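Enquirer: One structure, pasted below without further comment.
The values are calculated or read from the model by the stated rules, or taken from the named source; none is laboratory data. Owing to the predicted nature of the structure, the values given are computational and were not obtained by experimental measurement. We place every Cβ from the backbone using ideal geometry, glycine too, and count neighbours over all the protein chains shown.
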Amino acid sequence: MSLSLRQIRYFIATAETGKVSQSASTLGVSQSAVTEAIKALERETGVRLFRRHPKGVTLTYEGTQFLQHARNIMSAVADATQAPRRARSDVSGSFSLAVTYTVAGYFLPAPLARFRRAFPGVDTRLHEMDRSDIERRLIAGDIDLAVILTSNLRNADRIETEVLIQSKRRLWLSANHPLLQAKRLSLGDIAPEPYIMLTIDEAEKTALRYWQRAKLRPTVAFRTSSVEAVRSLVATGQGVAILSDMVYRPWSLEGDRIEARAMPEVVPTMDVGLAWRRGARLDSCAEAFRDFCHTTYNAAGVRTL
């Protein structure tokens, strides 16, 4: 069997909420990611785990049995990952952690909450700033650690990084968009469409790099630093966007539906990771956070969203 902790976590969330869309929103991933994970589990187990109906899903008899085992698995994993940290319960003090806007809003809250529960004696001093400022202050020694988009790093010779998640970028469309009928999408299919360009965390620069590699340009109809604005404009059919699953939600603030479709490999993942000054000796608090992230995301095999 090739079951993953990610699949099991998505299964449990869906079983508890009774809705794929709600579990996806709670997990901070796309609805398609949850659906794919459940289908993979059903293939591996050889049974249907859920009954689908218009209002959501309910567990089958086999699904109810699997849920008990799934919870036992996650409890065992939690015990295993907490065991090394219990030996370090005496760690106390503080460290500085810098994050970019996207990381602060869409990635950091859950792992930071878990870290603070595991290390109650450690004070995490948070700072939100641009990626360029983060690099400068890491190199200067003003900041201990950072969580950033590692693909945009400019001082790789002076900053060391470790990727924590690789979040797929997908095409966002309104619920009745004609491109939803396409069996396979390319950047060439999307180029004529009005494009809503997100600008925060150098998103526009990243997007233009892969468009230029394909020798194409998007037809930019609007530029914005607001993810919610992108959501609303896409959901109401005023344009399309290519953004990461990490920031995807299936509904706009007004309640309009947003669909996401897979893109070819020419569109890279959005990589989020830890960063620290190369050669720096981290104190016990910063090292505890780095080890915690390594255990949570790498040792558990959670590489994608």
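Enquirer: Taking helices (runs of 4 or more DSSP H) that fall entirely within segment 81-199, which contain at least 3 residues that are more than 29 Å from SER232 (Cβ to Cβ)?
Expert: Details: elements: 101-106, 109-118, 131-140, 187-190.
Output list reads 109-118, 131-140.
Enquirer: Among the residues of segment 18-39, is any at pLDDT below 90, more than 28 Å from LYS168 (Cα to Cα), in contact with a strand residue (DSSP E or B) (Cβ under 8 Å, 6 or more places away or on another chain) and surrounded by fewer than 17 Cβ atoms within 10 Å (Cβ to Cβ)?
Expert: So far as segment 18-39 goes, no, none of its residues is at pLDDT below 90, more than 28 Å from LYS168 (Cα to Cα), in contact with a strand residue (DSSP E or B) (Cβ under 8 Å, 6 or more places away or on another chain) and surrounded by fewer than 17 Cβ atoms within 10 Å (Cβ to Cβ).
Enquirer: Continuing with the same structure: How about segment 202-221: which of its residues are part of a helix (DSSP H, G or I) and in contact with a strand residue (DSSP E or B) (Cβ under 6 Å, 6 or more places away or on another chain)?
Expert: Filtering segment 202-221 down to residues part of a helix (DSSP H, G or I) leaves 202-213.
Within segment 202-221, just GLU204 meets the criteria.
Enquirer: For the condition crowded, with 19+ Cβ neighbours inside 10 Å and either within 20 Å of the chain's Cα centre (by Cα) or not assigned by TED's automatic domain parsing to the domain that holds GLU135 (or both), what is the one hit in LEU208, LEU179, LEU171? Can you show your working first?
Expert: On the way: LEU208 fails: crowded, with 19+ Cβ neighbours inside 10 Å; LEU179 fails: crowded, with 19+ Cβ neighbours inside 10 Å.
It is LEU171.
Enquirer: Can you tell me how many residues within segment 124-149 are under 16 Å from PRO109 (Cα atoms) and among the charged types (D, E, K, R)?
Expert: Residues that pass the stated criteria total 2.
Enquirer: When you scan segment 225-293 for strands (runs of 3 or more DSSP E) that lie fully inside it, which ones turn up with 1 or more residues that are within 20 Å of LEU208 (Cα to Cα), of a type in the set (Ser, Thr, Tyr) and touching a strand residue (DSSP E or B) at 6+ places or on another chain (Cβ under 9 Å)? Working first, answer last.
Expert: Working: elements: 241-244, 258-262, 270-277.
Those strands (runs of 3 or more DSSP E) span 241-244.
Enquirer: Check ARG249, ARG231, ARG261 and return the single one that is surrounded by 16 or more Cβ atoms within 10 Å (Cβ to Cβ), more than 30 Å from ARG114 (Cα to Cα) and within 17 Å of the chain's Cα centre (by Cα).
Expert: Working: ARG249 fails: more than 30 Å from ARG114 (Cα to Cα); ARG231 fails: more than 30 Å from ARG114 (Cα to Cα).
After applying the criteria, what remains is ARG261.
Enquirer: Checking the conditions here, which among LEU185, LEU138 is touching a residue at least 40 places away in the same chain (Cβ under 8 Å), surrounded by 15 or more Cβ atoms within 10 Å (Cβ to Cβ) and not assigned by TED's automatic domain parsing to the domain that holds ALA241?
Expert: Working: LEU185 fails: not assigned by TED's automatic domain parsing to the domain that holds ALA241.
Of LEU185, LEU138, the one residue that is touching a residue at least 40 places away in the same chain (Cβ under 8 Å), surrounded by 15 or more Cβ atoms within 10 Å (Cβ to Cβ) and not assigned by TED's automatic domain parsing to the domain that holds ALA241 is LEU138.
Enquirer: Please find, within segment 1-23, the residue that is nearest to GLY63 (Cα to Cα) out of those that are among the charged types (D, E, K, R) and not in a loop (DSSP other than H, G, I, E, B).
Expert: The initial filter retains those residues of segment 1-23 that are among the charged types (D, E, K, R), namely 6, 9, 16, 19.
Those still in the list that are not in a loop (DSSP other than H, G, I, E, B) too: 6, 9, 16.
On the way: ARG6: 17, ARG9: 14, GLU16: 12 Å.
Out of the qualifying residues, it is GLU16.
Enquirer: Could you please find all residues in segment 224-247 being under 14 Å from THR199 (Cβ atoms), touching a Ser or Thr at 6+ places or on another chain (Cβ under 8 Å) and not aliphatic (A, V, I, L, M)?
Expert: THR224, SER225, GLU228 - these are the residues of segment 224-247 that are under 14 Å from THR199 (Cβ atoms), touching a Ser or Thr at 6+ places or on another chain (Cβ under 8 Å) and not aliphatic (A, V, I, L, M).
Enquirer: Being under 14 Å from the mean Cα position of the chain (by Cα) and part of a helix (DSSP H, G or I) is the filter here, so list the residues in segment 24-39 that pass it.
Expert: Just the residues of segment 24-39 that are under 14 Å from the mean Cα position of the chain (by Cα), to begin with: 24-34.
Residues satisfying the conditions are ALA24, SER25, THR26, LEU27, GLN31, SER32, ALA33, VAL34.
Enquirer: Checking LYS215 against (1) out of contact with any His (no Cβ under 8 Å at 6 or more places or on another chain); (2) at negative phi, which test does it fail?
Expert: Every listed condition holds for LYS215 apart from (2).
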